[in-house]
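**Q** Okay, handing you the structure first.
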Amino acid sequence: VKFVDAKEGWVAGDHGVIFHTIDGGQTWERQPTPTRASLRGLYFLTPYTGWAVGRTELPNRFGSAGVVLATTDGGATWTELTSSLLPGLN
(Lines give C-alpha, C1' and ligand atoms only; values in the text may rest on other atoms or scores of the structure.)
Protein backbone atom coordinates (compact mmCIF):
# COMPACT_ATOMS: atom_id res chain seq x y z
CA VAL A 1 0.00 0.00 0.00
CA LYS A 2 1.32 3.44 -0.94
CA PHE A 3 -0.45 6.78 -0.39
CA VAL A 4 0.93 10.03 -1.82
CA ASP A 5 -1.41 12.09 0.37
CA ALA A 6 -4.41 11.51 2.67
CA LYS A 7 -6.74 10.71 -0.24
CA GLU A 8 -4.78 9.13 -3.11
CA GLY A 9 -3.19 5.71 -2.88
CA TRP A 10 -2.53 2.35 -4.49
CA VAL A 11 -2.40 -1.24 -3.33
CA ALA A 12 -0.81 -4.20 -5.15
CA GLY A 13 -1.02 -7.96 -4.80
CA ASP A 14 -1.05 -11.36 -6.45
CA HIS A 15 -1.96 -11.97 -10.11
CA GLY A 16 -0.73 -8.51 -11.17
CA VAL A 17 -3.45 -6.72 -9.22
CA ILE A 18 -3.20 -2.96 -8.59
CA PHE A 19 -6.05 -0.93 -7.14
CA HIS A 20 -6.21 2.89 -6.90
CA THR A 21 -8.21 5.16 -4.57
CA ILE A 22 -8.76 8.91 -4.64
CA ASP A 23 -11.04 9.08 -1.58
CA GLY A 24 -8.79 7.78 1.21
CA GLY A 25 -9.71 4.15 0.65
CA GLN A 26 -13.50 4.44 0.70
CA THR A 27 -13.61 3.06 -2.86
CA TRP A 28 -10.99 1.31 -4.99
CA GLU A 29 -10.70 0.95 -8.77
CA ARG A 30 -8.70 -1.86 -10.38
CA GLN A 31 -6.03 -0.71 -12.82
CA PRO A 32 -4.98 -2.85 -15.79
CA THR A 33 -1.46 -4.30 -15.69
CA PRO A 34 0.51 -6.33 -18.25
CA THR A 35 1.46 -9.09 -15.78
CA ARG A 36 0.11 -11.91 -13.63
CA ALA A 37 3.07 -11.66 -11.25
CA SER A 38 2.82 -11.33 -7.47
CA LEU A 39 3.34 -7.61 -6.94
CA ARG A 40 4.93 -6.87 -3.56
CA GLY A 41 6.01 -3.23 -3.53
CA LEU A 42 4.85 0.17 -4.75
CA TYR A 43 6.51 3.56 -4.81
CA PHE A 44 5.22 6.84 -6.21
CA LEU A 45 7.48 9.84 -6.75
CA THR A 46 4.48 12.02 -7.65
CA PRO A 47 0.76 11.21 -8.05
CA TYR A 48 1.56 10.41 -11.70
CA THR A 49 4.97 8.69 -11.66
CA GLY A 50 5.33 5.37 -9.90
CA TRP A 51 6.67 1.83 -9.92
CA ALA A 52 5.48 -1.59 -8.77
CA VAL A 53 7.79 -4.55 -8.19
CA GLY A 54 7.29 -8.23 -7.60
CA ARG A 55 8.09 -11.71 -8.76
CA THR A 56 6.91 -14.44 -11.05
CA GLU A 57 7.73 -18.04 -10.23
CA LEU A 58 9.76 -19.91 -12.83
CA PRO A 59 8.65 -23.37 -13.98
CA ASN A 60 10.06 -26.58 -12.49
CA ARG A 61 11.00 -24.85 -9.21
CA PHE A 62 13.86 -22.90 -10.79
CA GLY A 63 13.23 -19.94 -8.48
CA SER A 64 11.71 -16.63 -9.42
CA ALA A 65 12.26 -13.71 -11.77
CA GLY A 66 11.80 -10.05 -10.89
CA VAL A 67 9.06 -7.88 -12.34
CA VAL A 68 9.18 -4.08 -12.52
CA LEU A 69 6.22 -2.01 -13.76
CA ALA A 70 6.20 1.76 -14.31
CA THR A 71 3.49 4.38 -14.82
CA THR A 72 3.67 8.05 -15.76
CA ASP A 73 -0.08 8.67 -15.83
CA GLY A 74 -1.16 7.84 -12.29
CA GLY A 75 -1.59 4.15 -13.02
CA ALA A 76 -4.01 4.42 -15.91
CA THR A 77 -1.39 2.44 -17.86
CA TRP A 78 1.49 0.32 -16.58
CA THR A 79 4.52 -0.72 -18.65
CA GLU A 80 6.71 -3.70 -17.78
CA LEU A 81 10.40 -2.75 -17.57
CA THR A 82 11.65 -6.16 -16.52
CA SER A 83 14.73 -7.88 -17.75
CA SER A 84 15.12 -11.61 -17.14
CA LEU A 85 18.27 -10.87 -15.14
CA LEU A 86 16.47 -9.65 -11.99
CA PRO A 87 15.73 -11.97 -9.08
CA GLY A 88 12.28 -11.93 -7.46
CA LEU A 89 11.65 -8.53 -5.86
CA ASN A 90 9.81 -7.54 -2.71
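**Q** With a/c under 1.5 counting as rounded, go ahead and sort the chain into rounded, prolate or oblate using the C-alpha gyration tensor (a ≥ b ≥ c being the square roots of the eigenvalues; past the cut-off, prolate if a/b is larger than b/c, else oblate).
**A** prolate
**Q** Let me ask something else about it. With an 8 Å Cα cut-off and a minimum separation of 6 or more residues, compute the relative contact order for the chain in percent.
**A** This gives 22 percent for the chain.
**Q** Could you work out how much longer the chain between Thr72 and Arg40 gets when fully extended? Use 0.36 nm per residue separation minus the Cα distance between them, nm to one decimal.
**A** Going from the current span to full extension adds 9.6 nm.
**Q** Let me ask something else about it. Nothing charged except the Cβ atoms of Lys and Arg (+1) and of Asp and Glu (-1): what's the magnitude of the dipole of the chain about its Cα centre? Round to the nearest 20 debye.
**A** 320 debye
**Q** Still on this structure: Using R₀ = 22 Å, calculate the FRET efficiency as 1/(1 + (r/R₀)^6) where r is the Cβ-Cβ separation of Arg30 and Glu57; round to 0.05.
**A** The formula returns an efficiency of 0.45 here.
**Q** Which whole-number value in Å² is the accessible area per residue of the chain, probe 1.4 Å?
**A** Per residue, the chain has 61 Å² of solvent-accessible surface.
**Q** Can you compute the modelled spin-label distance between Ser64 and Thr49, with each label point 7 Å from Cα toward Cβ, in nm?
**A** About 2.8 nm, to one decimal.
**Q** Output the relative contact order of segment 39-90, whole-number percent, from Cα pairs under 8 angstrom with separation of 6+ residues.
**A** 35 percent
**Q** Also, I was wondering about something else. Can you give me the long-range amide H partners of Leu86? Hydrogens built in the peptide plane at 1.01 Å from N, cutoff under 5 Å, separation of 5 or more residues or another chain.
**A** Excluding prolines and chain starts, which carry no amide H, the hits are Gly66.
**Q** Whole angstrom only: what separates the Cα centroid of segment 1-26 from the Cα centroid of segment 44-60?
**A** 14 Å
**Q** Using each residue's phi in segment 47-52, evaluate 6.51 cos²θ - 1.76 cosθ + 1.60 at θ = phi - 60° and report the 3J(HN,Hα) Karplus result to the nearest Hz, with x for Gly and Pro.
**A** Here the 3J(HN,Hα) series is x, 9, 9, x, 9, 10 Hz.
**Q** Count the net charge of all other residues whose Cβ sits under 15 Å from the Cβ of Gly74, scoring Lys and Arg as +1 and Asp and Glu as -1.
**A** -2
**Q** Would you mind telling me the share, in percent, of accessible area of the chain contributed by carbon and sulfur at probe 1.4 angstrom?
**A** 55 percent
The values are calculated or read from the model by the stated rules, or taken from the named source; none is laboratory data. Here the structure is a predicted model, which means the values were calculated and not measured. We place every Cβ from the backbone using ideal geometry, glycine too, and count neighbours over all the protein chains shown. For accessibility, only protein heavy atoms count, side chains too; no ligands or nucleic acids. Shrake-Rupley method; radii C 1.70, N 1.55, O 1.52, S 1.80 Å.
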